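Asker: My questions will all concern the structure given below.
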Amino acid sequence: MTKVEVVQLLVSPAHRFAGRPADGPSAGSADELRHRAEVRAGLGLVGDRYFGQRVHRDAAVTIMAVENLPFDITPSIDLLQTRRNILLRGVDVDSLVGSTITLDCGAGPVTFVLNRPARPCAWMDVTIGPGAQRALRGKGGVRSTPLTDGVLAVGEAAFRVVAEPHAGQ
């Protein structure tokens with residue numbers, strides 16, 4: 001078990017990066033950043049744009065490491081710009097693709113399978129700044145599926161890898 005920090009949680013009911021990046025993102029609601037988020041197995045974060053979306057079941061929740069954010073481009077960068085759901089400090093989630101992990105914020109462990117990398121797109125250069133897409137290559141976070149119900153909260157948490165990737169992943 002590793003002690004980590006849940007830095008931010010983003011639950012966004014609307015997809016803000018639609019259309020061409022040159023047109024800019026659509027407006028978001030003021031309450032997208034949350035202090036706590038409810039997780040439902042196989043469905044995602046309650047209230048999020050990808051919750052229960054069949055096509056996004058293997059990518060319903062995106063977890064990212066704060067250490068990988070390009071603060072040299074934008075010092076105030078956060079989940080509002082990257083549109084990832086969970087921002088962690090203290091673990092390199094990008095190196096754990098294929099693993100099953102638990103995250104316990106004090107209300108019991110929530111289990112996720114880390115399915116695939118979240119590849120940064122051209123929107124990163126618009127929302128963060130020029131060069132952000134390149135800076136985030138290989139460290140844009142991990143798309144995951146929640147395997148259990150639970151509650152996540154900003155603050156200290158326990159992180160554990162419960163299953164390593166299978167050979168060939």
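Asker: Among the residues of the range 48-83, write down those that are open to solvent by 40 Å² or more (accessible area, probe 1.4 Å) and closer than 22 Å to residue 107 by Cα.
Answerer: Within the range 48-83, just 51 meets the criteria.
Asker: Continuing with the same structure: So which residues in the range 18-41 are modelled with pLDDT under 95 and either at positive phi or open to solvent by less than 30 Å² (accessible area, probe 1.4 Å) (or both), if there are any at all?
Answerer: 19, 24, 32
Asker: Need a quick list: helices (runs of 4 or more DSSP H) entirely within the range 37-145 having at least 3 residues that are within 13 Å of the chain's Cα centre (by Cα). Before you say what the answer is, go through the steps one by one.
Answerer: Numbers: elements: 79-82, 123-127, 132-135.
Per the criteria, 79-82.
Asker: Which residue out of 106, 98 is open to solvent by less than 40 Å² (accessible area, probe 1.4 Å), over 11 Å from residue 64 (Cβ atoms), in contact (Cβ under 8 Å) with a residue 12 or more places away in the chain and of a type in the set (Gly, Ala, Ser)? Steps first, please.
Answerer: Details: 106 fails: open to solvent by less than 40 Å² (accessible area, probe 1.4 Å).
On inspection, the qualifying residue turns out to be 98.
Asker: When the residues of the range 127-155 are filtered to those that are touching a helix residue (DSSP H, G or I) at 6+ places or on another chain (Cβ under 6 Å) and open to solvent by 40 Å² or more (accessible area, probe 1.4 Å), which remaining residue is modelled with the lowest pLDDT?
Answerer: Among them, the one singled out is 133.
Asker: For residue 56, all conditions in the list (1) under 23 Å from residue 5 (Cα atoms); (2) touching a strand residue (DSSP E or B) at 6+ places or on another chain (Cβ under 9 Å) hold save one; what is the number of the exception?
Answerer: (1)
The values are calculated or read from the model by the stated rules, or taken from the named source; none is laboratory data. Just so you know, these numbers come straight off a predicted model, no measurement behind them. Backbone-built Cβ (ideal geometry, glycine too); neighbour counts: all protein chains shown. For accessibility, only protein heavy atoms count, side chains too; no ligands or nucleic acids. Shrake-Rupley method; radii C 1.70, N 1.55, O 1.52, S 1.80 Å.
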